[in-house]
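Chemist: Questions regarding the structure given below will be posed in turn.
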Amino acid sequence: MTVLLDAPAETQATGDEVVAALAARAVEARRLVVDMAASPRGCHLGGSLSVLDILIAALHRASAGDGTEVVLSKGHAAAGLYAALYVSGILPENPAPLYGRADQPYTGHPGPKVPGVRFPTGSLGHGVPYAAGWALARRLGGHGGLGIAVAGDGELQEGLVWETAQVAAAQGLGNFVLVVDRNGGQNDGYVEDISPLPRLAERFEAFGFETVHTDGHDLAALIAILAGDRTAERRPLAVIADTVKGKGVPAVQGKAGCHYVTIDATRAAKWKRAIR
Amino acid sequence: MTATAQEAPAPETPAPLPGRDAYRAELTRLAAKDTAVVCLEADLGGKGHPFQAAHPDRFFNLGIAEGAMVDMATGLAASGYKPFVSTFAPFAVLRAAESLKLTLGYLAAGVTVVAPYAGVSGAWFGTTHHCLEDLAVMRSIPGVTIAAPYGEAEMRAVVRAAVRSGEPHYIRTGRNAAYVSLPWDGEQDGAELPPVRWESRSGNDDVCLVSVGEEGTRLALAARQALHGVSHAHLVYVDHENLARSAVELGAYHRKFVVIEEHRAQGGTAEALALLLPAHEVTGVAADRSWPAQGGDHEEVMASLGIDLPAVFGAVHRARTAGRALATAV
């Protein structure tokens, strides 16, 4: 996605103020995601809520204007992306009332007709090499900026992710960052029960990545991890961000069954009131 | 003894380059003038790639990772580069098919895929290295220009056009066979190739050979030597939009067409032309429904699939006689 020039800037704010501002955005975005779950189409609620803090932090990083591109590779979390783009000032309109409508671009998986979205994702795995290609282009042109791919842990079952990990390490793409939204769930249940990913950090390290482990809802930590200028780095960065599926909505938080949810307006209102 | 001017040997005409070598040479040449051109390979570019030697900073052998290569090329294209990616046709079109759909198709990314080993040019390497389905797959993806050049001059022209346009292209070629280019006046001035190239357009026969790709054209040229009066149109571009234009031109001159292509009949060019020319008769010389499971060289494997000179003669004969029989019956 591309950060537009009129996106809000926090450059004058202190670190704590930035975190507080982003946290407020996260609350607003979660409520928008619930609104989209209450649309006639429903949405991938659990993964949209788990990835929101990562997306908001990544978009904040991109707002530095150095050419950083953020690609949501787990495109089924489109509702989370649309909400994050809106609260970050990139989408000019509230996507929630428009989501899933015939005359609107806010489809269940995002495409480039949505302002701020450059690549089509949702067929899992592709966003990772898109971002790696972006990183390669930045380096080739002698520019700064990162190619940030945000992937799900279930998505890591796709071979394309590991093809790209191999290539990115071999090419020394230190400005490529892969953030794993490790919420532990996938469509049919828990990752652990379907196709577990043991020793995940070691895997990336074995490929030649630098690896960081963090709480994927700790905005201050995410901001700090993504803040760096990695132009001179030769090892790509894998950020394993532990998250909670359905984060922020007590009724569904931590439940694999919240992967795709359609709710009525009454329940949506109740869930939104519970989001802090 | 001193040789006189009359005795001096005539300057030798350089041997034509095979399609994939012509691609590499032309892209390397163009990249000297256009710094947006980048070259990506998936371990099948051969050693001593001229682009790597001339422009090492813009050459990337990404290893055996076709899907990642196409998607990464899209990231490069989004940044303003003109990436050319190359791997064997079966791996480009079938293994990376979803990437091609999403990027060259949906995103209209300015990526060019150059695919050697199209058809059964992989010959004795076997079925894994054959690709008789690429035109069917690629023609079904809107917005992709599909080229099947014959000879060095056409390959160079097609690569130039792809660089110039910055739009998605798929270019199929064979393995190492080289073909003498068809005469073309526009080569020197850099003109665009016409979608239909008339090698011969006689008015004596209502049957016209239509050739696609390297081997289809080789067979058509050979067949015309033995068939009096038959015309021959060679198609360079075989995507839907170009075929629709070509069909108009073909249909204006002839009534019956025998299309020769190294591809399965299903989803191939003959099938497409038949739909575009419902008032005309279109038959094809194409691969049958079998899977070659024996060795042999390129021509031998083609023959086992029913793509050879006798098949062309048979198709022309049937086209001619079927028309007469129909006229008699009426």
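Chemist: Please determine whether any residue of region B:120-138 is open to solvent by 40 Å² or more (accessible area, probe 1.4 Å), of a type in the set (S, T, N, Q), part of a loop (DSSP other than H, G, I, E, B) and touching a Phe, Trp or Tyr at 6+ places or on another chain (Cβ under 9 Å).
Modeler: no
Chemist: Still on this structure: How about region A:134-147: which of its residues are in contact with a Ser or Thr (Cβ under 6 Å, 6 or more places away or on another chain) and either of a type outside the set (A, V, I, L, M) or free of Cβ contacts under 8 Å to residues at least 24 places away in the same chain (or both)?
Modeler: Correct list: A:137, A:144, A:145.
Chemist: Now a separate question. Of the conditions (1) within 14 Å of chain A (Cβ to nearest Cβ); (2) open to solvent by 10 Å² or more (accessible area, probe 1.4 Å), residue B:41 satisfies every one except a single condition; which number is it?
Modeler: Status for residue B:41: all satisfied but (2).
Chemist: Quick one: is residue B:76 touching a residue at least 24 places away in the same chain (Cβ under 8 Å), more than 24 Å from the chain's Cα centre (by Cα) and open to solvent by less than 20 Å² (accessible area, probe 1.4 Å)?
Modeler: Yes; evaluated as a whole, the condition is true for this residue.
Chemist: Examine region B:242-260 for a residue that is open to solvent by 50 Å² or more (accessible area, probe 1.4 Å), touching a Leu at 6+ places or on another chain (Cβ under 9 Å) and not in a strand (DSSP E or B), and state whether such a residue exists.
Modeler: Yes: one or more hits.
Chemist: Still on this structure, please answer the following. Provide a single number: the residues in region A:1-37 that are at pLDDT 95 or above and touching a strand residue (DSSP E or B) at 6+ places or on another chain (Cβ under 6 Å).
Modeler: 2
Chemist: Regarding region A:202-221, can at least one residue be identified that is part of a loop (DSSP other than H, G, I, E, B), surrounded by fewer than 16 Cβ atoms within 10 Å (Cβ to Cβ) and not small (Gly, Ala, Ser)?
Modeler: no
Chemist: Kindly provide the set of residues from region A:171-193 that are in contact with a strand residue (DSSP E or B) (Cβ under 9 Å, 6 or more places away or on another chain) and either without any contact (Cβ under 8 Å) to a residue 12 or more places away in the chain or not hydrophobic (A, V, I, L, M, F, W, C) (or both), ordered by number.
Modeler: If the condition is that a residue be in contact with a strand residue (DSSP E or B) (Cβ under 9 Å, 6 or more places away or on another chain) and either without any contact (Cβ under 8 Å) to a residue 12 or more places away in the chain or not hydrophobic (A, V, I, L, M, F, W, C) (or both), then A:171, A:174, A:175, A:181, A:182, A:183, A:184, A:185, A:186 are the ones that fit.
Chemist: Given (1) open to solvent by 10 Å² or more (accessible area, probe 1.4 Å); (2) away from every other protein chain (no Cβ under 14 Å); (3) touching a Phe, Trp or Tyr at 6+ places or on another chain (Cβ under 7 Å), where does residue B:112 come up short, assuming only one miss?
Modeler: (1)
Chemist: Here is a follow-up. Evaluate region B:115-127: report whether one residue or more is closer than 30 Å to residue A:110 by Cβ and β-branched (Val, Ile, Thr).
Modeler: No; the residues of region B:115-127 include none that is closer than 30 Å to residue A:110 by Cβ and β-branched (Val, Ile, Thr).
Chemist: Which one of the conditions (1) without any contact (Cβ under 8 Å) to a residue 40 or more places away in the chain; (2) within 14 Å of chain A (Cβ to nearest Cβ); (3) not small (Gly, Ala, Ser) does residue B:183 fail to meet, given that it meets all the rest?
Modeler: With respect to (1) without any contact (Cβ under 8 Å) to a residue 40 or more places away in the chain; (2) within 14 Å of chain A (Cβ to nearest Cβ); (3) not small (Gly, Ala, Ser), residue B:183 is out only on (2).
Chemist: Mind checking which residues of region B:65-108 are part of a loop (DSSP other than H, G, I, E, B) and either within 9 Å of chain A (Cβ to nearest Cβ) or of a type in the set (Lys, Arg) (or both)?
Modeler: Passing the criteria: B:65, B:79, B:80, B:81, B:107.
Chemist: Just to be sure I understand, how many residues within region A:253-269 are in a loop (DSSP other than H, G, I, E, B) and either closer than 18 Å to residue A:28 by Cα or among the basic types (Lys, Arg) (or both)?
Modeler: Going through region A:253-269 one residue at a time, the tally reaches 2.
Chemist: Could you list, in sequence order, the residues of region A:132-142 that are more than 9 Å from chain B (Cβ to nearest Cβ) and in a helix (DSSP H, G or I)?
Modeler: If the condition is that a residue be more than 9 Å from chain B (Cβ to nearest Cβ) and in a helix (DSSP H, G or I), then A:139 is the only one that fits.
Chemist: Can you name every residue in region A:148-191 that is open to solvent by 10 Å² or more (accessible area, probe 1.4 Å), more than 13 Å from chain B (Cβ to nearest Cβ) and either in contact with a Ser or Thr (Cβ under 7 Å, 6 or more places away or on another chain) or within 15 Å of residue B:67 (Cβ to Cβ) (or both)?
Modeler: Those that are open to solvent by 10 Å² or more (accessible area, probe 1.4 Å), more than 13 Å from chain B (Cβ to nearest Cβ) and either in contact with a Ser or Thr (Cβ under 7 Å, 6 or more places away or on another chain) or within 15 Å of residue B:67 (Cβ to Cβ) (or both): A:157, A:182, A:183.
Chemist: If you don't mind, there's one more thing I want to ask. May I ask you to list the residues in region B:188-200 that are touching a Lys or Arg at 6+ places or on another chain (Cβ under 9 Å) and part of a loop (DSSP other than H, G, I, E, B)?
Modeler: Scanning region B:188-200 gives B:190, B:192, B:195.
Chemist: A further question follows. Within region A:222-241, track down each residue that is open to solvent by 50 Å² or more (accessible area, probe 1.4 Å) and under 26 Å from residue A:159 (Cβ atoms).
Modeler: Those that are open to solvent by 50 Å² or more (accessible area, probe 1.4 Å) and under 26 Å from residue A:159 (Cβ atoms): A:233, A:234, A:235.
Chemist: Report whether or not residue B:233 is under 17 Å from residue B:282 (Cα atoms) and assigned to a helix (DSSP H, G or I).
Modeler: For residue B:233, the condition - under 17 Å from residue B:282 (Cα atoms) and assigned to a helix (DSSP H, G or I) - is not met.
Chemist: I'd like the residue in region A:90-131 that is in contact (Cβ under 8 Å) with a residue 60 or more places away in the chain and at the interface with chain B (Cβ under 10 Å from one of its Cβ atoms) and, out of all such residues, is least open to solvent (accessible area, probe 1.4 Å).
Modeler: In this case the residue turns out to be A:131.
Chemist: Going residue by residue through region B:274-294, is there one that turns out to be over 23 Å from residue B:135 (Cβ atoms), in a helix (DSSP H, G or I), at pLDDT 95 or above and open to solvent by 60 Å² or more (accessible area, probe 1.4 Å)?
Modeler: no
Chemist: On to the next question. Can you spot a residue in region B:12-23 that is over 16 Å from residue A:170 (Cβ atoms), polar (S, T, N, Q) and away from every other protein chain (no Cβ under 14 Å)?
Modeler: Yes, some residue in region B:12-23 is over 16 Å from residue A:170 (Cβ atoms), polar (S, T, N, Q) and away from every other protein chain (no Cβ under 14 Å).
Chemist: Name the residues in region B:54-64 that are more than 7 Å from chain A (Cβ to nearest Cβ) and over 17 Å from residue B:28 (Cα atoms), would you?
Modeler: B:64
Chemist: Please indicate, with yes or no, whether at least one residue in region B:201-222 is under 24 Å from residue B:321 (Cβ atoms), open to solvent by 30 Å² or more (accessible area, probe 1.4 Å), at pLDDT 95 or above and in a helix (DSSP H, G or I).
Modeler: There is at least one residue in region B:201-222 that is under 24 Å from residue B:321 (Cβ atoms), open to solvent by 30 Å² or more (accessible area, probe 1.4 Å), at pLDDT 95 or above and in a helix (DSSP H, G or I).
The values are calculated or read from the model by the stated rules, or taken from the named source; none is laboratory data. The shown structure was predicted, so the numbers you read here are calculated from the model rather than taken from an experiment. FYI the Cβ positions are ideal-geometry reconstructions off the backbone, even for glycines, and counts take in every protein chain you see. These area figures cover heavy atoms from the full protein model, side chains too; ligands, DNA and RNA do not enter into them. Shrake-Rupley method; radii C 1.70, N 1.55, O 1.52, S 1.80 Å.
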